[in-house]
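Student: I have a structure I would like to understand better, so I am pasting it below and will then ask my questions one at a time.
The values are calculated or read from the model by the stated rules, or taken from the named source; none is laboratory data. Computed from a predicted structure; not experimentally measured. Neighbour counts run over all protein chains shown; Cβ positions are idealised from the backbone, glycine included. Side chains included, ligands, DNA and RNA excluded: accessible areas come from the protein's heavy atoms. Shrake-Rupley method; radii C 1.70, N 1.55, O 1.52, S 1.80 Å.
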Amino acid sequence: MKLRYNFRIYPNALQRLALARAFGCARVVWNDCLRARTTAYEAGLPYAKSTDLSKQHITRAKRTPERAWLSDVSAVVLQQSLRDLDTAFKNFFDSLSRKAKACKTAPPRYKSRKDPRQSIHLTRKAFSLTSDGHVYVTKIGALKVKWSRPLPATPTSVTVIKDSTGRYFASFVVDSETDALPEVEAEVGIDLGLTTFAVLSDGTRISSPKFLRRAEKKLKRSQRELSRKVKGSKNRAKARIRLAKQHAKVLDRRRDWHHKESTRIIRDNQAVYVEDLAVAALARTRLAKSVNDAGWSSFVGMLEYKAVKHGRHFGRIGRFVPTSQLCSTCGHNDGPKPLHVRRWICSECAAVHDRDENAAYNTLAAGRADRSNACGVPVRPGVIPAQRDETGSHHSGQPAVVESPGRQAAGGHVNSSP
């Protein structure tokens, strides 16, 4: 499986200037090729091929006075920018043809030098790891890396990223082998929430840290300072960086917490089941800030790839399974309940349920059922051939009589004619 490892890098002044030049050249190639395809589409011409775009907007463009500075960066940076554009178009076309199961993908857009995030993509031909712990990038130099952990294998590609706060990162893609953990008997269903981040079917409750809410006071102050600065001034640029750093702290803390909790759950359980939540739809409601603060999508994504990495089973149940309505004791559907109802009594068996714990139990049961069905257990009986007297017409011309199994036992008949 392919894994991505991110490390902080510290380029010097000359290397930052070279990286800015590389970011700009990759952005120009992207915009030129995107403009060529958009113009061809509007004119009713065939879709421009990547080979033609490479010859026209990279090879020939370097010989023109307007684009001669494209030769100052590695050719791999320019070619990878065009390949990334091809990938963006492919994702867009797959979304239109419903090949992708995810939500609709927007068409590629033009990139701006004012975008808070800049990046370049490099393959093995354009970078190498040195013996002294640096990353050498062609026409940029040896970049100092803060190695927080060793790479499990030689990376196949790297993406150099500059984020909105001015920090630089190197994101390596590595072909890694699965690291299976010792098998355990425990299986768990997870019910995600806002007040309590997650309730597990084994009774464990994970409180929501609410990193965004805790930092909201500082964020509001930084936002007010930014709004008071004159647009285009240096003070406004400094205020924007201060605000971006506050948001980056919230993001880093949430990501670190997600990694720790997801690793603990995967380590302690052989199978993990969660509900397929419509996070994008919930983020458009009045609970949008709390939903985004929880970060359910990133947390579930970590559970999924860590389960594959460590030999665990990960399953999603349908979002329309009424986990909060079913009684986990008798299976009776007691109907929908408002969010303020946290405990309820089953009208069928009089069992008292905690709303979240009951949903976690039902998630576990539904996940096990889906897994059993996927392993070959029949869901419904096979096709049974119809009897001769149930099809066609009698030789006498009278319509056939179809016997329903339930009515047959009672001695009744159902006439198939209107």
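Student: Collect the residues in segment 271-284 that are more than 21 Å from Asn358 (Cα to Cα) and touching a residue at least 24 places away in the same chain (Cβ under 8 Å), keeping them in residue-number order.
Tutor: Ala280
Student: Is one or more of the residues making up segment 77-89 among the aliphatic types (A, V, I, L, M) and either more than 31 Å from the chain's Cα centre (by Cα) or open to solvent by 90 Å² or more (accessible area, probe 1.4 Å) (or both)?
Tutor: First, the residues of segment 77-89 that are among the aliphatic types (A, V, I, L, M): 77-78, 82, 85, 88.
Now narrow it down to the ones that are either more than 31 Å from the chain's Cα centre (by Cα) or open to solvent by 90 Å² or more (accessible area, probe 1.4 Å) (or both): none.
No, segment 77-89 has no match at all.
Student: Separate question: Of all residues in segment 146-178 being of a type in the set (Phe, Trp, Tyr) and within 30 Å of Ala237 (Cβ to Cβ), which is least open to solvent (accessible area, probe 1.4 Å)?
Tutor: Going residue by residue through segment 146-178, those that are of a type in the set (Phe, Trp, Tyr) are 147, 168-169, 172.
Pick out the ones that are also within 30 Å of Ala237 (Cβ to Cβ) and you get 168-169.
Details: Tyr168: 20, Phe169: 49 Å².
Only one residue tops the list, namely Tyr168.
Student: Would you be able to tell me the number of residues in segment 206-244 that are of a type in the set (Gly, Ala, Ser), more than 17 Å from Arg254 (Cβ to Cβ) and outside any loop (DSSP other than H, G, I, E, B)?
Tutor: Taking segment 206-244 as the starting set, the residues that turn out to be of a type in the set (Gly, Ala, Ser) are 207-208, 215, 222, 227, 232-233, 237, 239, 244.
Among the residues that remain, those that are also more than 17 Å from Arg254 (Cβ to Cβ) are: 222, 227, 232-233, 237, 239.
Going one step further and asking which of them are outside any loop (DSSP other than H, G, I, E, B), we end up with 222, 227, 237, 239.
Number of matching residues: 4.
Student: Filter segment 253-306 for residues that are of a type in the set (Ser, Thr, Tyr) and either under 25 Å from Leu181 (Cα atoms) or open to solvent by 50 Å² or more (accessible area, probe 1.4 Å) (or both) and give the result. Give the derivation first.
Tutor: Within segment 253-306, the first condition is being of a type in the set (Ser, Thr, Tyr), and the residues that meet it are 262-263, 273, 285, 290, 297-298, 305.
Passing the criteria: Ser262, Thr263, Tyr273, Thr285, Ser297, Ser298, Tyr305.
Student: Ser324 versus (1) at pLDDT 90 or above; (2) of a type in the set (S, T, N, Q); (3) not in a helix (DSSP H, G or I): which is the lone unmet condition?
Tutor: With respect to (1) at pLDDT 90 or above; (2) of a type in the set (S, T, N, Q); (3) not in a helix (DSSP H, G or I), Ser324 is out only on (1).
Student: Quick check on segment 179-206: of everything there that is open to solvent by 90 Å² or more (accessible area, probe 1.4 Å) and not charged (D, E, K, R), which residue is nearest to the chain's Cα centre (by Cα)?
Tutor: Here the answer is Thr195.
Student: Condition first: modelled with pLDDT of 95 or more, open to solvent by 90 Å² or more (accessible area, probe 1.4 Å) and in a helix (DSSP H, G or I). Now tell me which residues in segment 1-41 satisfy that.
Tutor: Leu14, Arg16, Leu17, Arg21, Arg35, listed by residue number.
Student: A follow-up question, please. In segment 311-326, what residues are farther than 18 Å from Leu200 by Cβ and out of contact with any strand residue (DSSP E or B) (no Cβ under 7 Å at 6 or more places or on another chain)?
Tutor: Gly311, Gly318, Phe320
Student: Let me ask something additional. Please list, ordered by first then second residue, the pairs with beta carbon atoms under 9 Å, 6 or more apart or interchain, first in segment 58-76 and open to solvent by 50 Å² or more (accessible area, probe 1.4 Å), second aromatic (Phe, Trp, Tyr) and assigned to a helix (DSSP H, G or I).
Tutor: Lys62/Trp69
Student: Checking Thr363 against (1) closer than 22 Å to Thr195 by Cα; (2) assigned to a loop (DSSP other than H, G, I, E, B), which test does it fail?
Tutor: All conditions are met except number (2).
Student: A follow-up question, please. Would you point out which residue out of Ser171, Ser148 is at pLDDT 95 or above and of a type outside the set (A, V, I, L, M, F, W, C)?
Tutor: On inspection, the qualifying residue turns out to be Ser171.
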